[in-house]
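Undergrad: For reference, the structure I am asking about is given below.
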Amino acid sequence: MTATTDTAPSRERRLVETFVELADTLVEDFDVVDFFSLLTERVVQLGIASEAGILLVDEAGDLQFVAASHERSHLLELFQVQNHEGPCQDCFTMGAPVRVPDLEAAGDRWPRFAPRAVSAGFRSAQAVPLRLRGAVLGAFNLFLNDTGGVDAAGEAVVQAMADVATIGLLQQRELDRAHTVEAQLQRALQTRIGIEQAKGIIAERMGVSMEAAFGLLRGYSRNHNRKLHDAAREIVEGLLPTSDLA
Amino acid sequence: MSDPWPSRPDLAGVADPAGASEPGRIRRVAGVFAAQPAGAPEWRICTAATALLDAAGVGLSLAASGDLLDSGLQSVCATEGARAGEALQFDLGEGPSYAAHLTGWPVQVPDLETDGTWPTFAEAAATLGLRAIFAFPLRSGSVGLGALTLYQRVAGELTSDQYADALVVARFALNLFTSLQAGRPVDELDEVFTDSLTNSVEVHQASGVVSVQLDISVAAALAVLRAHAFAHDASLPEIATQVIEHRLRLGPLDA
């Protein structure tokens with residue numbers, strides 16, 4: 001039994017299960033590549049397309065390959081990236097779905113991509129944007145062995161999957177940002193503590209008050225164009241002799 | 001052919017212990033938070049947790065770095081019923097909050113009298129009238145930021161519902177701290193954090209002083225200060241103040 005021969009209620013159930021499964025993966029140890037690989041596999045298992053792939057935009061604004069259900073579509077995705085041509089590229093540029101019901105008739109639009117896709121055995125294709133409000137984050141590519149492309153019901157499912165994927169992606173980026181902020185917060189706190197520890201060391205060595213110790217530390221960092229917390233850390237680690245502060 | 005799409009019952013609940021990410025629960029906890037009297041958000045988190053979890057006291061503490069010997073957990077805020085317990089953990093440099101922060105896992109001590117993990121801490125906590133403590137790490141991935149700690153005057157487990165609520169509150173606290181600090185330069189701290197340090201500034205200064213006097217690292221000096229405070233039944237800040245004011249000079253034997 002394969003997913004493509006499922007009866008309608010069974011397909012409906014698998015659809016629901018897919019969304020539950022995708023939502024389940026949106027947890028803390030979420031991995032972008034795993035998640036998108038799962039998405040491409042499921043869209044094939046649901047019988048919506050023969051193969052699927054996903055391209056995402058990188059920091060420089062260029063599309064990059066992320067995941068594909070099969071090696072054949074993997075290569076086609078890479079081909080689009082390298083040649084800046086194809087339905088995925090257009091879908092990303094326009095931020096709208098691109099339907100290619102007959103690849104053999106699409107040679108005018110994509111002179112390099114269309115023949116390549118046909119020779120790989122595909123007859124139709126479709127691309128759905130990963131979109132959130134104004135921003136397009138990438139595109140979801142579907143390849144079919146037959147002409148006609150994805151039907152309206154299939155396209156609605158794919159768009160819903162693309163929306164889930166977009167949420168997953170944004171959550172991951174938010175998580176990355178939070179990690180950076182947390183690491184910074186830890187460092188900033190440790191820096192403050194390091195300054196207090198350095199004041200204690202300077203005060204004891206030089207026989208001065210905490211306030212005077214801070215003045216010496218600040219004076220040194222200004223005169224030597226050093227950051228206060230760098231000087232403090234060197235004092236604490238014994239790398240900067242307190243006698244240098246006087 | 002076997003089912004190409006097996007269900008994954010073994011994973012059920014792992015990603016979501018006790019249903020802590022149920023939208024309904026998150027909304028309910030957020031509602032309790034919103035219902036707290038106006039004030040600083042960290043206070044509202046503590047008072048909301050006190051109400052939600054029926055706790056005697058709730059404290060939020062922050063770690064300056066992953067290495068506890070460096071600095072310990074700084075108390076950011078604590079309700080009346082949590083203050084002494086938070087201070088005790090800072091004095092001793094150990095306890096459930098430290099363990100939760102270090103391990104990244106919730107630490108539940110439903111009865112301090114029968115728990116042998118921290119004999120020194122447990123004995124001192126008992127004299128403060130504390131009987132049960134539940135500490136939840138503020139952790140995102142590999143970065144641990146501190147702990148949310150509930151203090152109880154009676155022994156008893158948290159219900160699974162309370163446990164899930166506590167996880168949600170801890171997540172709120174983590175989000176609060178990171179959003180307060182987001183977008184700031186590395187050496188600029190939100191005042192929530194600088195205020196948390198004012199309680200311990202003298203302890204860190206004293207660590208510097210003792211490190212010179214005994215020619216040891218500041219981390220070792222902090223341990224010496226803690227040992228002296230414990231041996232003399234004094235609080236760590238009290239001993240630190242005496243050291244800074246030269247009313248007390250620790251010898252190597254005090255370690």
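The values are calculated or read from the model by the stated rules, or taken from the named source; none is laboratory data. Note that the structure is a prediction, hence the values are computed from the model and not measured. Ideal geometry is used to build each Cβ from the backbone, glycine not excepted, and the neighbour counts take in all protein chains shown.
Undergrad: Find all pairs meeting these conditions: Cβ atoms under 7 angstrom apart; at least six residues apart or on different chains; first residue within the stretch B:157-181 and closer than 21 Å to B:Pro41 by Cα; second residue of a type in the set (Phe, Trp, Tyr).
TA: As it stands, the answer is B:Ala166/B:Phe134; B:Ala166/B:Phe136; B:Leu167/B:Phe136; B:Ala170/B:Phe136; B:Phe172/B:Phe33, since those pairs meet every condition given.
Table: residues versus (1) farther than 17 Å from B:Ala221 by Cα; (2) touching a residue at least 40 places away in the same chain (Cβ under 8 Å); (3) part of a helix (DSSP H, G or I).
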position	(1), (2), (3)
A:Ala183	yes, no, yes
A:Thr191	yes, yes, yes
A:Ile195	no, no, yes
A:Ile201	no, yes, yes
A:Glu204	no, no, yes
A:Ala212	yes, no, yes
A:Tyr220	yes, no, yes
A:Ala231	yes, no, yes
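Undergrad: Residues to consider are B:Arg153, B:Arg139; find the one that is at pLDDT 95 or above and either within 19 Å of B:Thr50 (Cβ to Cβ) or surrounded by 14 or more Cβ atoms within 10 Å (Cβ to Cβ) (or both).
TA: On the way: B:Arg139 fails: at pLDDT 95 or above.
None of the other options fit; the residue is B:Arg153.
Undergrad: Can you name the number of the only condition in (1) out of contact with any Asp or Glu (no Cβ under 8 Å at 6 or more places or on another chain); (2) without any contact (Cβ under 8 Å) to a residue 40 or more places away in the chain that A:Val57 fails?
TA: Every listed condition holds for A:Val57 apart from (2).
Undergrad: Here are some conditions: (1) surrounded by 23 or more Cβ atoms within 10 Å (Cβ to Cβ); (2) in a helix (DSSP H, G or I); (3) at the interface with another protein chain (Cβ under 9 Å from one of its Cβ atoms). B:Val169 meets all but one. Which one does it not meet?
TA: Unmet for B:Val169, out of (1) surrounded by 23 or more Cβ atoms within 10 Å (Cβ to Cβ); (2) in a helix (DSSP H, G or I); (3) at the interface with another protein chain (Cβ under 9 Å from one of its Cβ atoms): (3).
Undergrad: Can you name the number of the only condition in (1) surrounded by fewer than 17 Cβ atoms within 10 Å (Cβ to Cβ); (2) closer than 15 Å to B:Phe90 by Cα; (3) among the small types (Gly, Ala, Ser) that B:Ser207 fails?
TA: Just one mismatch for B:Ser207, condition (1).
Undergrad: Within the stretch B:194-216, work out how many residues are more than 7 Å from chain A (Cβ to nearest Cβ) and either over 27 Å from B:Leu180 (Cβ atoms) or of a type in the set (A, V, I, L, M) (or both).
TA: The total comes to 5.
Undergrad: Filter the stretch B:95-152 down to the residues that are in a strand (DSSP E or B), closer than 26 Å to A:Ala183 by Cα and more than 14 Å from the chain's Cα centre (by Cα) and list them by number.
TA: Applying the first criterion (in a strand (DSSP E or B)) to the stretch B:95-152 yields B:107-109, B:132-140, B:143-152.
Cutting the leftovers down to closer than 26 Å to A:Ala183 by Cα gives us B:107, B:134-140, B:143-150.
Listed by number, the residues that qualify are B:Ser140, B:Val143.
Undergrad: When you check B:Gln242 against the structure, is it at pLDDT 90 or above and at the interface with chain A (Cβ under 7 Å from one of its Cβ atoms), yes or no?
TA: No, not satisfied.
Undergrad: Please tell me if B:Tyr98 is surrounded by 18 or more Cβ atoms within 10 Å (Cβ to Cβ) and more than 21 Å from B:Ala48 (Cα to Cα). Explain how you work it out, then say what you get.
TA: Numbers: surrounded by 18 or more Cβ atoms within 10 Å (Cβ to Cβ): yes; more than 21 Å from B:Ala48 (Cα to Cα): yes.
Yes, satisfied.
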